[in-house]
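Written out below as structure tokens is the structure these notes cover.
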Amino acid sequence: MSGQRHDVAVLGAGMHPWGKWGRSFVAYGVLAARAALADAGVEWRDVQAVVGADTVRGGYPGYVAGATFAKALGWQGARVTSVYAACASGAQAVNAARTQILSGLADVVLVVGADAAPKGFFRPAGGDRPDDPDWLRYRVLGATNPAYFGLYARRRMALYGDTLNDFAQVKVKNSAWGALNPNARYQKRVSADEVAASAVVADPLRLLDICATSDGAAALVLSSMDFARRHGVPEPVRVRAVSTVTPRFPQTVLDLPDIATDSAAAVRPPPETFRASIARAAYEEAGIGPEDLSLAEVYDLSTALELQWYEELGLCAEGEGAKLLREGATSAGGRVPVNASGGLASFGEAVPAQAIAQVCELTWQLRGDAGQRQIPGARVGITANQGLFGHGSSVIAVR
Amino acid sequence: MSRTRVPVVAGWFTGEGDGFRLLGTRCADCGSVFFPREDTACRNPGCGGQDLAEVPLSRRGRVWSYTDGRYRPPAPYVSDPERAWEPYTLVAVELAAERMVVLGQAAHGVTPAELAVGMEVEVTSGVLNEDAETTWMTWHFRPVVEEEAS
Ligand SMILES: [Zn+2]
């Protein structure tokens, strides 16, 4: 099940810059799609299937994003798929495209995700829904997303001795890369003092520890390896693994949006956390390990969460994320640079686009096209992310 | 005018004073405990039992982690937009017997500065919000104050 038998080619990558632009998600998605098609040198009319990552913030067109983008690009009869998996929607879209290619249903597939985000906290869908855990956590607890990030951060401080300055240094690192990325919303370096001076949102985390919500769009053109060769790209960047695993019972880490964990009273907990299992599934499928990585793009919803990912990707042992950061291993010039795109710290989250944007960054890095952010000699990259309600999301790309 | 006290969610807790308890369900076949209550089928993938009985959860536990909300959360959280926002504290509490972590608001006035990971806390009845006719009741966690040793 591992290795290059499951490779698909990344022919093109494109993004609409992240920001608050005041337009519809459709406009962003179409621009990102056109950029990816141009990058691939593929005509829209030659695309055989389109996969849209849905948004829940754009009304009905958002729930049928694949068709929405296909119509906006001009109906041409392509097979359509729309997927939703919260923050993991992009990885699901990549995987839907990949399985169509590997099964022979399509040679070349367009993947698009776009969002137009609200101001402030994400909020649950409207109406009274006492059976919906996402509604309940707001109604009963006022537990916003940053509240969960605060819980994780405080626990790291208590268990591993992480400090507020460690968290701030994640922002310092990511903002330095964001300053070099024309697609990032925040292209300005941030100092540790500026993080410390920003308002506390959810103790112990401050405004600059927590990612914003943004408008943005990202798109990929994926194809079979045969199509890529015929298209004149014999050595494309390849997607070698896509992990979309679910948790195992009992899940013993309090997970957004849950009010409680599973009970481990009757069943022994699995030997690894859900996040660690997301990465392990990707490594196994690709036939590689963390020691093979040139770089990683991880979901830094908060600064502290980035340190958690280091451990769960196996870049270091449990509890040693802050040490890895302090050593510079995850910074420019380090052993395994993390979030060379600038990360969510520099982008802000555009939910259905974000996991696709992570793959765009890997593509540019592996091609050597990342400009001032280039990680020299990058050969293998991983993305990692987790969607609300138990959606794993990790992509491994190689060159 | 007197308001009626109504649980914000039916069937999640019961009792008053020292008798206040969160209510979960336990699978008769494998012993797994669920909160919020699971009434349809056991979620242990190796079980599939459908005999789930209501069970009170442990009254005391230890702090797994804690945080607060410095900004007004969006609806459906209820707060008076006319009044200045007062932060609330959230506590995730590890229950030893159930081997699970349950999230709740801390009792009014308990700030993060008074909490620590591992500290013993107990569950108590609390007011979530009030409107014209109803006092919406919920569960709170508060630090255990030990009786002075004699
Ligand atoms: Zn059972």
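With respect to the numbered conditions (1) part of a helix (DSSP H, G or I); (2) in the same structural domain as residue A:149 (by TED's automatic domain parsing); (3) crowded, with 16+ Cβ neighbours inside 10 Å, which one is the sole condition not fulfilled by residue A:227?
The number of the failed condition is (2).
Could you list all residues from the range B:2-47 that are farther than 21 Å from residue B:94 by Cα and of a type in the set (Val, Ile, Thr)?
B:4, B:6, B:8, B:9, B:40 - these are the residues of the range B:2-47 that are farther than 21 Å from residue B:94 by Cα and of a type in the set (Val, Ile, Thr).
Could you please let me know if residue A:262 is away from the ligand (no atom under 16 Å from the Cβ), assigned by TED's automatic domain parsing to the domain that holds residue A:366 and among the charged types (D, E, K, R)?
no
Report the residue count in the range A:1-35 for those that are surrounded by fewer than 24 Cβ atoms within 10 Å (Cβ to Cβ), in contact with a helix residue (DSSP H, G or I) (Cβ under 7 Å, 6 or more places away or on another chain) and more than 29 Å from residue A:399 (Cα to Cα).
Number of matching residues: 1.
Could you look through the range A:115-170, keep only residues that are of a type in the set (S, T, N, Q) and buried (at least 19 other Cβ atoms within 10 Å of the Cβ), and pick out the one that is farthest from residue A:27 (Cα to Cα)?
Applying the filter and picking the extreme gives A:169.
If you check residue A:158 against the conditions, is it out of contact with any Asp or Glu (no Cβ under 9 Å at 6 or more places or on another chain), part of a helix (DSSP H, G or I) and at pLDDT 95 or above?
yes
One line per residue, one yes/no per condition, for (1) facing chain B (nearest Cβ under 10 Å); (2) in a helix (DSSP H, G or I); (3) not polar (S, T, N, Q):
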site	(1), (2), (3)
A:137	yes, yes, yes
A:146	yes, yes, yes
A:150	yes, yes, yes
A:170	no, yes, yes
A:181	no, no, no
A:190	no, no, yes
A:201	yes, no, yes
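Would you be able to say whether some residue in the range B:79-91 is hydrophobic (A, V, I, L, M, F, W, C) and within 9 Å of the ligand (Cβ to nearest atom)?
no
Out of all the residues in the range A:203-224, which are crowded, with 21+ Cβ neighbours inside 10 Å and either of a type in the set (A, V, I, L, M) or touching a Pro at 6+ places or on another chain (Cβ under 6 Å) (or both)?
Of everything in the range A:203-224, those that are crowded, with 21+ Cβ neighbours inside 10 Å and either of a type in the set (A, V, I, L, M) or touching a Pro at 6+ places or on another chain (Cβ under 6 Å) (or both) turn out to be A:203, A:205, A:208, A:210, A:217, A:218, A:219, A:220, A:221, A:222.
Name the one entry in A:72, A:32 that is over 20 Å from the mean Cα position of the chain (by Cα), at pLDDT 95 or above and not polar (S, T, N, Q).
Only one candidate passes the filter, namely A:72.
May I ask you to verify whether residue A:286 is surrounded by 21 or more Cβ atoms within 10 Å (Cβ to Cβ), more than 16 Å from the ligand (Cβ to nearest atom) and either closer than 24 Å to residue A:161 by Cβ or in contact (Cβ under 8 Å) with a residue 60 or more places away in the chain (or both)?
Yes.
Could you check the range A:85-130 and list, in sequence order, the residues that are part of a helix (DSSP H, G or I) and among the basic types (Lys, Arg)?
A:98
Would you be able to tell me the number of residues in the range B:136-150 that are over 21 Å from residue A:203 (Cβ atoms), part of a strand (DSSP E or B) and away from chain A (no Cβ under 14 Å)?
Of the residues in that region, 0 qualify.
Across the range A:233-259, what is the total count of residues that are assigned to a loop (DSSP other than H, G, I, E, B), touching a residue at least 24 places away in the same chain (Cβ under 8 Å) and more than 16 Å from the ligand (Cβ to nearest atom)?
13
Just the residues that are more than 12 Å from chain A (Cβ to nearest Cβ), assigned to a loop (DSSP other than H, G, I, E, B) and either surrounded by 17 or more Cβ atoms within 10 Å (Cβ to Cβ) or away from the ligand (no atom under 14 Å from the Cβ) (or both), please, taken from the range B:18-62.
B:20, B:59
Can you tell me how many residues within the range B:105-135 are within 18 Å of residue B:6 (Cβ to Cβ) and within 9 Å of chain A (Cβ to nearest Cβ)?
2
List every residue pair whose Cβ atoms lie under 8 Å apart, where the two residues are 6 or more positions apart in sequence or sit on different chains, the first residue falls within the range B:41-67 and is closer than 25 Å to residue B:15 by Cα, and the second residue, located anywhere, is more than 9 Å from the ligand (Cβ to nearest atom) and among the polar types (S, T, N, Q).
B:52/B:25; B:52/B:40; B:53/B:25; B:54/B:25; B:55/B:25; B:56/B:14
Check residue A:253 against each of (1) buried (at least 19 other Cβ atoms within 10 Å of the Cβ); (2) under 22 Å from the mean Cα position of the chain (by Cα); (3) aliphatic (A, V, I, L, M); (4) under 30 Å from residue A:132 (Cα atoms) and name the one condition it does not meet.
Just one mismatch for residue A:253, condition (1).
Identify the residue in the range B:70-104 that is acidic (Asp, Glu) and more than 22 Å from residue A:156 (Cβ to Cβ) and, among all such residues, is farthest from the other protein chains (Cβ to nearest Cβ).
B:82
The values are calculated or read from the model by the stated rules, or taken from the named source; none is laboratory data. Since we're looking at a predicted model, the values are computed, not measured. Every residue, glycine as well, gets a Cβ built from its backbone with ideal geometry; the counts of neighbours run over all protein chains shown.
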